[in-house]
Structures are given as structure tokens and as C-alpha cells.
Amino acid sequence: MELLKINNLKTYFEISAGTVKAVDGVSFSLNYGESLGLVGESGCGKTTTALSINRLLPQEGKILGGEILLEGRDISKLKESEIKKLRWNEISMIFQGAMNALNPVMKIGDQIAEAIVLHKKVSYKEAIKRSKELFELVELEPERITNYPHEFSGGMKQRAMIAMALACDPKLIIGDEPTTALDVMVQAQILNLLDKLRKELNMGIIIITHDLSILGETCDKIAVMYAGKIAEFGTVEDIYNNNMHPYTNKLLSSFPNIHKEKIIPEPIEGVPPDLINPPSGCRFHPRCPYAQDICAKEEPMMTKVSEGHEYACHFGGVFNEKE
Amino acid sequence: MKKNENIVDVKGLKVQFDIKQSFLQEIFTKKRKIVKAVDGVDLKINKGEIVSLVGESGSGKTTLGKAILDLVPVTEGEILFKGKKIDFSNKKEVKKFRHKAQMIFQDPYQSLDPKSLVIDAVAEPLEINNLVKTAEERKEKVIKALEDSGLAPGENFLYRFPYELSGGQRQRAAIAGSLILNPDFIVADEPVSMLDVSVRTGILKLLLGLKESRDLAFLFITHDLSLAWLISDKIAIMYLGKIVEIGESDEIIKKSLHPYTQALLSIMPIPEVHKNRNRKVLEGEIPNPSEIPKGCRFNTRCVHAFDKCKEVEPKLIEIKDGHFVACHLFEEEYNGI
């Protein structure tokens, strides 16, 4: 069943230099109990997409078009007071610097309880009880809710942040680079935990990351973003083994694979474009080794490969035809 | 040029830090609290060789890299540079050594002074060492260093500020600064971990090119085993201040022996569909280096740990040509042969 559907979302930032088209016509959907990876380089609009969903955009950012349907209801035009009710209860977020998002002079249990009391009509005592349950859920010792953040390691703090995100039984969790600041081993632990929780609680999860290689373990679907648009969307299998967009292909081959030949991958030349004046036609064409005249003139539409696998390129799969 | 010519030879290196304690603790506790960041490391790096140092945060890999360059004081042990022991109390000698041994830092956003032009930042080592006389010579040398680092044509970058450069270009400018004195050895501390993947490979290619063209030796510090495999000749796995396994890079990746290396390998993210991979996710986190476990320092997280592991610290022994491992599991086997 469909939990979240985003149609043609446009989020622009008005700054003195002009209008930054950070998210420019993004569409995708997510079912209950499903996890989606949103990948791309820095500045491709992946975080802006997430912030648009629960409306945590900075002042300059405005949703100018499209719809965000949460269980069929468009939440993109809700008033601030209404969206407030959705945060934590329906959608919660785990931030990148989550470990530093905890208040250092307040006990961790109290911080979680505070969030619960604010969003649910329960007493403080009940909220503390709930915090203990949550600690167990994220595999922390319940007695440790009386600890201060400095008594926790990085991984434990991230677990506590996940506990907090789960506090009000949300249907959707958005993790913005939830493991980037963590060590590889702790990263594996946290990704395992998120995977387990998603299955147990039947939540939808969106994981935003620049690291395409971590998604193989945890995600069902992947959306590859480039310069404010979705370049390719599909299941993990589609993206890893049957990708059609040159950007996906290039990005993927940038990660060394110890099961394959040892070759240093070719870098993607150039830098991501300026989103105030994005390139005409296909936004990837200035960096694309396969670009032809049409790429600079006409914007490619989404082409369907199979159910749920789409890409935006005039010459999809061109890299397979080399030999 | 002779291959296998030794550039850096680290012997029994230890780096310890005192933990600051409160006044009362200082009076009432007799024992000083010490963090053993590097706890007895031997490491050889040859000319034209890239040795990767891999480990989690807190394993002491950065401290080891800095200690080799005398950026943190060494508590015990010695460092030989081209066969000669460096006397770190002799300022002149250290200065000469620093000529030949340089460092590249992780974050090019912090390692370049935001207020100084690229030309000034790159030329700084020349000035400190009084190596240039005229402005022309200085400019020429900077242009050469920039172009060697892949910023061509160098003239275009001379009068730019760091904020006018992209992340990859900044890191290249920082590399130019470390190349300008023609070093023989470079410690590169996570040089690509702050960069986007698409830029990363360009920097790796640059380092490999420098290794080939100048016969430079590198100590490449990283937490990413797949990167280590990609660019290095040898990989050393570090855990809590000690090297637990070291060998040729393919050997370590394909035939690793130490349970810690195997765990690291099993959780290494690989862009492949693998829903049912046999992952050995270790419980808990790396222990506090002020309280190193007794016996084998990995025993608290090791799935194979037996009684001996809790009592006796394993030594680094050679199992195969150039493949060393510190684990009791292989000691037994080794003794048996």
C-alpha cells in the first residue's frame, strides 16, 4: 500500500543571487514497510527533498509546485500549525549530525520524554516508561536513560536519536545521512537496526546518502538524483545491475568493488551545475561522455524500462553498446 | 633506482597521552591515567610504495601518522628515515627531515588558510626554508607544483582564494603545498573522505601517478578498506594502537586471517545486491584506549576468543611471505608446523 507519493515537487530558494531550483520536478512513491535510498552528490537536492516533506525548510525555501501525498492526503499546502501535528506523530527525521543534536546538559531519557509529552497527551511518568521501551527497541540498556549524552559513544547516541524518532510511532522515518559520521562497524550496526525496525513496525524509511554502496543491504528502491531532478529510479537490482542512466552508471563505478577487477575508476569530469542557471536540456549533459546535440536542447522525459524502473536520458543504456 | 629501498622504518613506536584529571583526583589517586594511542608499532615503508593504515576511529591511525612526522611527541621507540635514526631533540635535523616528509590532511576546507591566495599558501614552505630568492623563481615553482597536482594551467590558479575553488581543487592545492619541497615520503590522512565520490577517484589517480613518477612513498590513512585495496601495495590493519595484521593488499583482502580484518571485510559496503550476505557485525564499539583489555586487545569483541586470549597478548608473527598477523589462533597453527 502506498504511504507516500510525491508528484512533481518543486522547491526553490530565493536568495539575493537569484532563484535556486534545488528540487525541480521530483516524483516518487514509497509503500508501507519499504525503504528508499535517495542518493546523489552534494548539492543535488536530496536533503531539500526530505526537508520539503516535513517542511523544515529554511525561510528562503518555498514549495512552489507539486504535491506530497501522505496516505493520500496532500500535506504540501498544510498550515504550519497542522504540519506540526504531523511531525513526530506521522513523519520523523534522523539528522546527519544527530549525535550532536542531543542536549549535553539534559539526561537522554528526559529528552525523549520531553518529545513524547509535547506530541502525545500523556503524563511525564508514562513518557519515561515509553522511553525505556524505546531504549529496548533500539538495543540500548533501559537503565541508561538517566545517562547524559557524554556518557554515550557515537553509535549509542545515534541509537538514542533513533529511539527518539520512534517515540510517537511514526509511519515514515527520514534519515538524512544517518551513518555518515559513524565508523564502518557502527554504520553496519545502525543500518541493521533500521532495517529490523522497519520490518517490525512496518514503517516507510527514506535514507538520504551520498554513498551508493551502503544501500545494497538495506533498501528496496533507490532514487538517483542529479541537479534537482531524478535521474533514475528503480529497485536496488535495477540500479545496481541494470542501470540505464549514464550518471547512475558513472556514480556506481566510482565505488571500488573488491569482487571485481582492480581498476581506478574514471572520475566524472566537471562539477555539479549551478542551480540558479541550470544547463539547458538534460542537466547532466555538460559532464556526460555520451552527450549529443539533442541533450543540450531537449530535456529528456522519464522513460519506463519495467514496472517501477524509470530513467531520464535520451540515450539510456548507451554505455552498454560500446563494444 | 633501487627498489625495496627503505624510506621509513618505525620501530616499537609508542605514543601516550596523559588524561587531565581534576585537582582532587590528582591528590587522591596515585595512578596517572594514560591513553595509549599508539602502543608498540613496527612499520616499514619502501621507496615508491603505498602502505595503507586501516582502522576505526580511536584505533590510533592518525596519531601514528602524525608521530612519524613529529607532529605529536613520541613516548617510546624510534623512527629511521632512509636508514638514519632521527633525533627529534635536534631541531636542525628535524627541520631537514620535514623537508623530505610531508603530510596531506583530511579536510581541504580547513587545511588552507581562507585568507591567503593559492600562490602564498603553496609557496609558504619555500619561504620558511629560504629556498627561493626571486619572486619569479617562487612563481615558477608554485606553478610547477600546481600542475603536478593536476591544477593546469597553474597560472590560472595562482591568484585565487580557497573559496573560489571546488573541494577537489582545494585538496589538489593542498597537495601542491606538500609537493613543493620535493619530499620522499608523504603521510596522507584520509585525503579523500571529505570529497564527493566523483571527485575522489581523480585524487587517488593523482597520488598513484606521483608514486610512479617520483618514486614517492606514502602512508595512506583511511577507514575504507576498499580504497586501501585500490591504491596500496600493502595494508596494515590497526586496532587499539597496535597493528593486528599486515601484508600485501590483495593478500589482506582475499586471504585475511585476523578475525577483526575478516569482520571489517564482511561489513564493507559493496555496490552489489546481497540480501543474504554473511555479515559479521561486531557488537559494541572499540574500547576506550585508556582501558585497553588484558591479553589480546580484541578479545572483548572477538567471536573466536578463548581463555588464552584473555591472558596473553599475541605477537605479530609471519604466517606467509610478508603476511603478518597477531592472533593466538594462528600461533597454535604456526607452532604446530
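Computed from the coordinates by the stated procedures, all read-outs in this text should not be read as laboratory data. What you are looking at is a predicted structure, and each value in this text was computed from that prediction instead of being measured. In this analysis, Cβ positions are derived from the backbone assuming ideal geometry, glycine residues included, and neighbour counts consider all displayed protein chains.
Is at least one residue of region B:109-124 surrounded by 15 or more Cβ atoms within 10 Å (Cβ to Cβ) and in a loop (DSSP other than H, G, I, E, B)? Yes, the conditions are met somewhere in region B:109-124. Number of residues in region B:290-317 that are away from every other protein chain (no Cβ under 13 Å), part of a loop (DSSP other than H, G, I, E, B) and either in contact with a Gly (Cβ under 9 Å, 6 or more places away or on another chain) or small (Gly, Ala, Ser) (or both) equals 9.
Of all the criteria given as (1) over 30 Å from B:TYR163 (Cα atoms); (2) within 19 Å of the chain's Cα centre (by Cα); (3) not charged (D, E, K, R), the one not satisfied by B:PRO108 is (1). For region A:268-307, taking the residues that are polar (S, T, N, Q) and not in a loop (DSSP other than H, G, I, E, B), the one that is farthest from B:ILE203 (Cα to Cα) is identified as A:SER306.
Go through region B:259-284 and give me each residue that's assigned to a loop (DSSP other than H, G, I, E, B), in contact (Cβ under 8 Å) with a residue 24 or more places away in the chain and over 17 Å from A:ILE258 (Cβ atoms). Listed by number, the list is empty, since nothing qualifies. Residues in region A:195-217 that are in contact (Cβ under 8 Å) with a residue 12 or more places away in the chain, within 13 Å of chain B (Cβ to nearest Cβ) and of a type outside the set (Gly, Ala, Ser): 10 in all. Considering region B:192-232, and only residues there that are at the interface with another protein chain (Cβ under 8 Å from one of its Cβ atoms) and of a type in the set (Lys, Arg), the residue that is surrounded by the most Cβ atoms within 10 Å (Cβ to Cβ) turns out to be B:ARG200.
Looking across B:ILE246, B:ILE235, B:ILE252, one residue alone is within 12 Å of chain A (Cβ to nearest Cβ), surrounded by 24 or more Cβ atoms within 10 Å (Cβ to Cβ) and outside any helix (DSSP H, G or I). It is B:ILE235. In a residue-by-residue description of region A:173-184, the property of being within 14 Å of another protein chain (Cβ to nearest Cβ), part of a helix (DSSP H, G or I) and within 16 Å of B:SER57 (Cα to Cα) applies to at least one position.
Given the structure, is A:MET225 among the hydrophobic types (A, V, I, L, M, F, W, C) and over 25 Å from A:ARG159 (Cβ atoms)? Yes, satisfied. List pairs: first in region A:252-279 and within 7 Å of chain B (Cβ to nearest Cβ), second among the β-branched types (Val, Ile, Thr), Cβ under 6 Å, 6+ apart or cross-chain? From region A:252-279, the pairs are A:SER254/B:VAL197; A:SER254/B:THR201; A:ASN257/B:ILE270; A:ILE258/B:ILE253; A:ILE264/B:THR201; A:PRO265/B:THR201; A:PRO267/B:THR201.
Against the numbered list (1) more than 14 Å from every other protein chain (Cβ to nearest Cβ); (2) surrounded by fewer than 19 Cβ atoms within 10 Å (Cβ to Cβ), A:MET164 comes up short only at (2).
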